[in-house]
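The values are calculated or read from the model by the stated rules, or taken from the named source; none is laboratory data. Not measured: the values here are computed from a predicted model. Glycine also receives a Cβ, built like all others from the backbone with ideal geometry; neighbour counts cover every protein chain displayed. Side chains included, ligands, DNA and RNA excluded: accessible areas come from the protein's heavy atoms. Shrake-Rupley method; radii C 1.70, N 1.55, O 1.52, S 1.80 Å.
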Amino acid sequence: MATGDVKLLGAGASPYVNRVQIALNIKSENYEFLEEKLGSKSELLLKSNPIRKKIPVLIHDDKPICESLVIVQYIDDVWTSGPSILPSDPYDRAIARFWAAYLDDKWFPLMKEHRMAEGEEAKAAAIEKLVEGLVVLEEAFVKCSKGKAFFGGDSIGFLDIAFGSFLGWLRVAEKLVEMQLLSEAKTPNLVEWAERFGCDDAVKDVLPKTEKLIEKFKIRQAMAKAPPSN
Ligand SMILES: N[C@@H](CCC(=O)N[C@@H](CS)C(=O)NCC(=O)O)C(=O)O
């Protein structure tokens, strides 16, 4: 069992940071949360993640680890006495990693595409792509969960964390477009999975409330529109 000093550089509204928080909760590991302020980067962050300068960064006994999915895998490798996060079967592990990469590289960027889209037609096209992606993920859920509650089986695993961390921002998108993106009609299994995921002990105090995220979203939009100060 790992011990030592564990610090997490992050911000509560970041889905990538939420992944690490959930993984540490699954392992019942205590840690110090060092909040990064929106729009500025601390010296510690710049020193710990000089290549990407992004949160989250996990600092374990003064050693920084960057990139949320890398960190989650590190946590699973190091805190072996808690429940496993990655599947034990090598094929299932590969499949979980494949879908996690799909989420980060293909699906979540559609959220930004929708935000940046100009005009009703472009926005509607972006929403259609988001929903198509969710239908693909519904099929992945059916295959990966093998009839169980989570992608990871009976309990939350790697893919649950990778996808579930985006649920807060998905709810924000639903509010903004006034339509359900996860729906009984197209993604019935994901609707139930999202409910279960949000209620899990490792998750329920981590996932930010939709109203709070909408506030953050509005602040970011205002900052993006503000003229640069000198
Ligand atoms: N691929 C990275 C993405 C991390 C990321 O985009 N973090 C955002 C916060 S949600 C960030 O630090 N943004 C500041 C910046 O881009 O300068 C991961 O999985 O950790």
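Inspect region 26-33 for any residue being at pLDDT 95 or above, under 18 Å from the mean Cα position of the chain (by Cα) and of a type in the set (Lys, Arg) and give the result as yes or no. First the steps, then the outcome.
Filtering region 26-33 for residues at pLDDT 95 or above gives 26-33.
If we keep only those that are under 18 Å from the mean Cα position of the chain (by Cα) as well, we get 26-27, 33.
Remaining after also requiring of a type in the set (Lys, Arg): 27.
Checked region 26-33: at least one residue is at pLDDT 95 or above, under 18 Å from the mean Cα position of the chain (by Cα) and of a type in the set (Lys, Arg).
In the set 132, 118, only one residue is outside any helix (DSSP H, G or I), open to solvent by 60 Å² or more (accessible area, probe 1.4 Å) and not β-branched (Val, Ile, Thr); that residue is 118.
Just one of 110, 86, 69 is surrounded by 10 or more Cβ atoms within 10 Å (Cβ to Cβ) and within 12 Å of the ligand (Cβ to nearest atom); which is it?
Details: 110 fails: within 12 Å of the ligand (Cβ to nearest atom); 86 fails: within 12 Å of the ligand (Cβ to nearest atom).
Answer to the check: 69.
Determine whether region 89-96 contains at least one residue that is charged (D, E, K, R) and not in a loop (DSSP other than H, G, I, E, B).
Our first condition is that a residue be charged (D, E, K, R); within region 89-96, this holds for 89, 92-93.
Restricting the remaining residues to those that are not in a loop (DSSP other than H, G, I, E, B) gives 92-93.
There is at least one residue in region 89-96 that is charged (D, E, K, R) and not in a loop (DSSP other than H, G, I, E, B).
Residue 18 meets the conditions (1) part of a strand (DSSP E or B); (2) open to solvent by less than 20 Å² (accessible area, probe 1.4 Å) in every case but one. The failed one is (1). Would you be able to say whether some residue in region 38-54 is away from the ligand (no atom under 12 Å from the Cβ) and at pLDDT below 95? Among the residues of region 38-54, not one is away from the ligand (no atom under 12 Å from the Cβ) and at pLDDT below 95, which makes the answer no.
Exactly one residue among 161, 156 is within 19 Å of the chain's Cα centre (by Cα), surrounded by 20 or more Cβ atoms within 10 Å (Cβ to Cβ) and outside any helix (DSSP H, G or I), and that residue is 156.
Within region 54-65, the residues that satisfy the criterion of being closer than 19 Å to residue 3 by Cα and either open to solvent by 20 Å² or more (accessible area, probe 1.4 Å) or assigned to a helix (DSSP H, G or I) (or both) are 61, 62, 63, 64, 65.
Scanning region 135-171 for residues that are aliphatic (A, V, I, L, M) and either touching a Pro at 6+ places or on another chain (Cβ under 6 Å) or closer than 24 Å to residue 67 by Cα (or both) turns up 137, 140, 156, 159, 161, 162, 167, 170.
With respect to residue 125, determine if the residue is within 13 Å of the ligand (Cβ to nearest atom) and either assigned by the TED database to the domain that holds residue 173 or touching a residue at least 40 places away in the same chain (Cβ under 8 Å) (or both). The answer is no for residue 125.
Filtered by the rule that a residue be under 20 Å from the mean Cα position of the chain (by Cα) and either away from the ligand (no atom under 15 Å from the Cβ) or open to solvent by 40 Å² or more (accessible area, probe 1.4 Å) (or both), region 74-83 gives 74, 76, 77, 83.
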